[in-house]
Every structure is written in structure tokens, then in C-alpha cells.
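**Q** Please read through the structure below; I'll follow up with questions.
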Amino acid sequence: MKNIIPILSAAILICSACSQNKPLAQSATVSTDSLASVSQPLFARMKIQDSIKVGEPVTLKFTVYNTADTVQQFCKWHTPFEPLISKYLDVKNESGVEANYRGAMAKRIMPPPADSYIKVNPGDSLSVDVDVLKGYDVQSPGKYSISYSGQNMSGLVLKDSVSFSYIKP
């Protein structure tokens, strides 16, 4: 019972470490492609090919949008904007079985240092491609879904998932 205060303090610090942005009015809305609009000034979207042959890279495009009229920032930890050193994606087959993460797991200092943040100019976006196969064990043909699970660290809002069919050549 004596340890509950330090544990709660650490949990609060971890949850709030990367969300140092001050929330803006949530009226800004951007609509790209056929995906539903998001009402946060800083948000992300993922794109992937519908069909990928076994043995080819599984390239996921991760884009961060800033719809605000001011510069916004996000923590690059647990995003594709840093080398693959943490599990920030949930990759599942059509049966719901999660692909094993086989990448590195970095230990972090808290709070994140200033160089852990990436700024996005007003009305701008930043994109990066990541090969899912470099960190996740996807080998069998089938249909897979990918969802983003790094929101608590990065501060990015990403509601939609993507899916692809992994087919024999």
C-alpha cells in the first residue's frame, strides 16, 4: 500500500509524457480519400496496398496531418518516424491471431527529451514508409489487418485500421 503513490505518479507521467501539445479547438476537419474525417488538429492515417505477394515488402505508409493554423508536434516514439525499436502496430490475421513482434524493444527515459518531438507546420503533413515484415512475423498467405497502438506514447490520434491480402506469387 505504501508504494501506490509512486506507482500512480509514474503511470500518470508515462501517459502524459508525449502529449505536451495544448489542445486546440476541435472544429478542424480534414477529409482525405474515402476515410471518415477526424476532428483533431493533429492526426495520422495509414495506407497499404490491397494485395501483396508473399516475399515482397509489406510497405505501410504512415502520414501525420496538421489541420490547425499553428505548428503542432508529436512524440516520434512508437511511430514509424523512428527506427523500428518498439511495438506500435497490432498485426492480425483474419482469425484474429496476432503476428509476433520480433523487433527491438527500447527502454526510454521519461519525460521524452526535446529531440523526441517532430513539428508539423500548419496545414502540412509528414509521411514515412515502413516495411511491416522487418518487425512482424507475417509469413502465411491470408488477409491481415493492421491497427496503430502507439497513441498513448506519441499523442497521435488514429482511429482507422488498414487491411491487405497476402497472396501466393
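The values are calculated or read from the model by the stated rules, or taken from the named source; none is laboratory data. None of the values given here were measured: they were computed from a predicted structure. Backbone-built Cβ (ideal geometry, glycine too); neighbour counts: all protein chains shown.
**Q** Is there a residue in the stretch 132-150 that is farther than 15 Å from Pro80 by Cβ, among the acidic types (Asp, Glu) and without any contact (Cβ under 8 Å) to a residue 60 or more places away in the chain?
**A** There is at least one residue in the stretch 132-150 that is farther than 15 Å from Pro80 by Cβ, among the acidic types (Asp, Glu) and without any contact (Cβ under 8 Å) to a residue 60 or more places away in the chain.
**Q** Taking the condition at pLDDT 95 or above and of a type in the set (Asp, Glu), does Asp33 pass? Working first, answer last.
**A** Working: at pLDDT 95 or above: no; of a type in the set (Asp, Glu): yes.
Answer is no for this residue.
**Q** Follow-up. Restricting to the stretch 90-102, give me the number of residues that are surrounded by 14 or more Cβ atoms within 10 Å (Cβ to Cβ) and in a loop (DSSP other than H, G, I, E, B).
**A** Keep residues of the stretch 90-102 that are surrounded by 14 or more Cβ atoms within 10 Å (Cβ to Cβ), which gives 90-93, 99, 101.
Checking the rest, the ones that are also in a loop (DSSP other than H, G, I, E, B) come to 99.
Of the residues in the stretch 90-102, 1 are surrounded by 14 or more Cβ atoms within 10 Å (Cβ to Cβ) and in a loop (DSSP other than H, G, I, E, B).
**Q** Which residues, counting only those in the stretch 150-160, are assigned to a loop (DSSP other than H, G, I, E, B) and either hydrophobic (A, V, I, L, M, F, W, C) or at pLDDT 95 or above (or both)?
**A** Filtering the stretch 150-160 for residues assigned to a loop (DSSP other than H, G, I, E, B) gives 150, 155-156, 158-160.
Of everything in the stretch 150-160, those that are assigned to a loop (DSSP other than H, G, I, E, B) and either hydrophobic (A, V, I, L, M, F, W, C) or at pLDDT 95 or above (or both) turn out to be Leu156, Leu158.
**Q** If you don't mind, another one. Residue check: is Ala68 within 25 Å of Gln40 (Cβ to Cβ), out of contact with any Gly (no Cβ under 6 Å at 6 or more places or on another chain) and hydrophobic (A, V, I, L, M, F, W, C)? Reasoning before the result, please.
**A** Working: within 25 Å of Gln40 (Cβ to Cβ): yes; out of contact with any Gly (no Cβ under 6 Å at 6 or more places or on another chain): yes; hydrophobic (A, V, I, L, M, F, W, C): yes.
When the stated conditions are applied, Ala68 passes them.
**Q** Within the stretch 106-125, identify whether any single residue is closer than 30 Å to Tyr166 by Cα and modelled with pLDDT under 95, and answer yes or no. Give the derivation first.
**A** Restricting attention to the stretch 106-125, the residues satisfying the condition of being closer than 30 Å to Tyr166 by Cα are 106, 125.
This time we only want the ones that are modelled with pLDDT under 95, so: 106.
Yes.
**Q** Looking at Tyr136, is it surrounded by 20 or more Cβ atoms within 10 Å (Cβ to Cβ), modelled with pLDDT of 95 or more and over 11 Å from the mean Cα position of the chain (by Cα)? Break it down stepwise before answering.
**A** On the way: surrounded by 20 or more Cβ atoms within 10 Å (Cβ to Cβ): yes; modelled with pLDDT of 95 or more: yes; over 11 Å from the mean Cα position of the chain (by Cα): yes.
Yes.
Rundown of residues vs (1) among the polar types (S, T, N, Q); (2) more than 12 Å from Val132 (Cα to Cα); (3) without any contact (Cβ under 8 Å) to a residue 12 or more places away in the chain; (4) buried (at least 22 other Cβ atoms within 10 Å of the Cβ), yes/no style:
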| position | (1), (2), (3), (4) |
| --- | --- |
| Lys53 | no, yes, no, no |
| Val58 | no, no, no, no |
| Tyr65 | no, yes, no, yes |
| His78 | no, yes, no, yes |
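**Q** Still on this model: Out of the residues in the stretch 38-51 that are in contact (Cβ under 8 Å) with a residue 40 or more places away in the chain and assigned to a loop (DSSP other than H, G, I, E, B), state the one that is nearest to Met153 (Cα to Cα).
**A** Going through the stretch 38-51, the residues in contact (Cβ under 8 Å) with a residue 40 or more places away in the chain turn out to be 38, 40, 42-51.
Those left that are additionally assigned to a loop (DSSP other than H, G, I, E, B): 40, 49-50.
Values: Gln40: 17, Gln49: 27, Asp50: 28 Å.
The residue in question is Gln40.
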